[in-house]
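The values are calculated or read from the model by the stated rules, or taken from the named source; none is laboratory data. This structure is a prediction, so every number in the text was calculated from the model and none was measured. Positions of Cβ are generated from backbone atoms using ideal geometry, with glycine treated the same way; all protein chains shown enter the neighbour counts. Only protein heavy atoms, including side chains, enter the accessible area calculation; ligands, DNA and RNA are left aside. Shrake-Rupley method; radii C 1.70, N 1.55, O 1.52, S 1.80 Å.
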Amino acid sequence: MKKVIIFFMTSLFLYGCTEEKTETITVAQWGQEKYLIYLPFYIAQEKGFFKDEGLEIAVKFSGNDDQVFATVLVGDAQFGIGDPVFTAISREKGAKGKVIASLVDGVAIWGVTNKDIKPIEKLDDLEGLKIGTFPAPSTNYALMKKTIVNNSEILKTTEIVQAPIGAQLALLESGGADIAMDLEPGTSIAESKGYKVIYSSPKFYGRFAFTGLTASEEYINGNKEIVQKFVNAIEKALRFCHTNEVETTEVAIKLFPNLDNVVVGNAVKRMLVDKTIPDHAVMSDEAWQKAMQVRVDIGDLKELKPTADAVDNTFAEFAINPSLMEAQ
């Protein structure tokens, strides 16, 4: 009997030694709660893609876009999910960070109204309107400011009204704005309440680096294997969203139990149809340069630089084609 016990304990010890260690990773996310536009990130958690890579994820809600990247730079999180442009802004100021994956490849913001306003199909349609946006320096605010400044003759009477995240519909109800710009599921919630969706930022701006996965260069250089595992999970999640819409919607319904199922379904479909969820994790040159140009135009950046200055697509490319890594 004693021999059996010793054998059993030895087996358990050996099993524990061969078990892969799970690494706990903290991710700083924009806002103060989960947002449907970041669904691929949540899919990677819910479907076990991070777990398959040996990663345990802790989320740290970090407020506005600039605060997310600041959280990463000071080391309070290993990765950031937010507007990736702040990597470029910080690099001009001497802080080193990189974008390592694309998470939202389009301006995932739509405009809703409770007024009798026709759909916004061209710039002229914005003339004389009050547009409710998130606070500066958000991408939402920056894009609308650029649009107005670059077309000042046409839009000289168009105004931006800034409101805290979550207060967009209140702007409409108070009469403070004619159109309120919102994310999903806010847009579909508004639609379910009778508001009209009359503006699609993705259709206006096309591919655009709206949300990226960021990390400090120090962390990347010292933890390449973990970075690769994280990006692998994101790549799997992006593919899953595009090939399993029904199951993706089911996961979204589970994540947002207080929302009507129809609202969630409409929101997921809108993001897929308007292509704000990218096919792959690689940050395209087109999307990145558009985002940079906006920040140059409004003075947040001094100059345009090549995409590779602030974007490292190596991990995303390896996630798509692992044979590239094996060839090195």
message: All but one of (1) closer than 23 Å to residue 224 by Cα; (2) part of a loop (DSSP other than H, G, I, E, B) hold for residue 156; state the number of the condition that does not hold.
response: (1)
task: Looking for whichever is in a loop (DSSP other than H, G, I, E, B) and either out of contact with any His (no Cβ under 8 Å at 6 or more places or on another chain) or crowded, with 21+ Cβ neighbours inside 10 Å (or both) here; the options are 257, 202. Which one fits?
output: 257
message: Quick check on residue 5: is it within 21 Å of residue 140 (Cβ to Cβ) and either open to solvent by less than 70 Å² (accessible area, probe 1.4 Å) or at pLDDT below 85 (or both)?
response: no
Residue 189 vs. criteria in contact with a Gly (Cβ under 9 Å, 6 or more places away or on another chain) and outside any loop (DSSP other than H, G, I, E, B): no
task: Please enumerate the residues belonging to the range 122-143 that are modelled with pLDDT of 95 or more and not aliphatic (A, V, I, L, M).
output: 125, 127, 128, 130, 132, 133
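Restrict the check to the range 161-180 and report whether at least one residue is open to solvent by less than 10 Å² (accessible area, probe 1.4 Å), polar (S, T, N, Q) and within 18 Å of residue 119 (Cα to Cα).
So the first thing to find is which residues in the range 161-180 are open to solvent by less than 10 Å² (accessible area, probe 1.4 Å), and the list is 163, 168, 172, 177, 179-180.
After this cut, where a residue has to be polar (S, T, N, Q) as well, the list is 168.
Remaining after also requiring within 18 Å of residue 119 (Cα to Cα): none.
Checked the range 161-180: no residue is open to solvent by less than 10 Å² (accessible area, probe 1.4 Å), polar (S, T, N, Q) and within 18 Å of residue 119 (Cα to Cα).
Starting from residues that are part of a helix (DSSP H, G or I), in contact with a helix residue (DSSP H, G or I) (Cβ under 8 Å, 6 or more places away or on another chain) and at pLDDT 95 or above, keep the ones in the range 205-223 and report whichever is nearest to residue 105 (Cα to Cα).
The first filter runs over the range 205-223 and keeps only residues part of a helix (DSSP H, G or I), leaving 205, 217-222.
Add one more test, that the residue is in contact with a helix residue (DSSP H, G or I) (Cβ under 8 Å, 6 or more places away or on another chain), and what stays is 205, 219-220.
With at pLDDT 95 or above added as a condition, the list becomes 219-220.
Working: 219: 24, 220: 22 Å.
By that ranking, first place goes to 220.
Do we have residue 187 as among the polar types (S, T, N, Q), in contact with a helix residue (DSSP H, G or I) (Cβ under 6 Å, 6 or more places away or on another chain) and open to solvent by less than 10 Å² (accessible area, probe 1.4 Å) here?
Details: among the polar types (S, T, N, Q): yes; in contact with a helix residue (DSSP H, G or I) (Cβ under 6 Å, 6 or more places away or on another chain): no; open to solvent by less than 10 Å² (accessible area, probe 1.4 Å): yes.
For residue 187, the condition - among the polar types (S, T, N, Q), in contact with a helix residue (DSSP H, G or I) (Cβ under 6 Å, 6 or more places away or on another chain) and open to solvent by less than 10 Å² (accessible area, probe 1.4 Å) - is not met.
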statement: residue 145 fails exactly one of (1) farther than 25 Å from residue 239 by Cβ; (2) open to solvent by less than 10 Å² (accessible area, probe 1.4 Å); (3) not polar (S, T, N, Q), namely (2)
task: Filter the range 191-229 for residues that are out of contact with any Ser or Thr (no Cβ under 8 Å at 6 or more places or on another chain) and of a type in the set (Val, Ile, Thr) and give the result.
output: 220, 226, 227
statement: Within the range 229-254, the residues that are farther than 17 Å from residue 108 by Cβ and open to solvent by less than 20 Å² (accessible area, probe 1.4 Å) are 230, 231, 233, 235, 251
statement: Residues in the range 260-288 that are surrounded by 18 or more Cβ atoms within 10 Å (Cβ to Cβ) and not small (Gly, Ala, Ser) total 13
- line: All-but-one check, residue 241 against (1) more than 25 Å from residue 310 (Cα to Cα); (2) modelled with pLDDT of 95 or more; (3) outside any helix (DSSP H, G or I), failing number (3)
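When you check residue 52 against the structure, is it open to solvent by 20 Å² or more (accessible area, probe 1.4 Å) and either of a type in the set (Asp, Glu) or on the phi > 0 side of the Ramachandran plot (or both), yes or no? Let's see the steps before the verdict.
Details: open to solvent by 20 Å² or more (accessible area, probe 1.4 Å): yes; either of a type in the set (Asp, Glu) or on the phi > 0 side of the Ramachandran plot (or both): yes.
Spelling it out, residue 52 is indeed open to solvent by 20 Å² or more (accessible area, probe 1.4 Å) and either of a type in the set (Asp, Glu) or on the phi > 0 side of the Ramachandran plot (or both).
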field: Matching option when the condition is open to solvent by 40 Å² or more (accessible area, probe 1.4 Å) and part of a loop (DSSP other than H, G, I, E, B), among 95, 77, 136, 108
entry: 136
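If we keep just the residues of the range 289-306 that are over 15 Å from the mean Cα position of the chain (by Cα) and crowded, with 21+ Cβ neighbours inside 10 Å, which is nearest to residue 197 (Cα to Cα)? Walk me through how you get there before you give the answer.
Keep residues of the range 289-306 that are over 15 Å from the mean Cα position of the chain (by Cα), which gives 289-290, 292-306.
Imposing the further condition that a residue be crowded, with 21+ Cβ neighbours inside 10 Å reduces the set to 292, 294-295.
Details: 292: 28, 294: 25, 295: 27 Å.
So the residue we want is 294.
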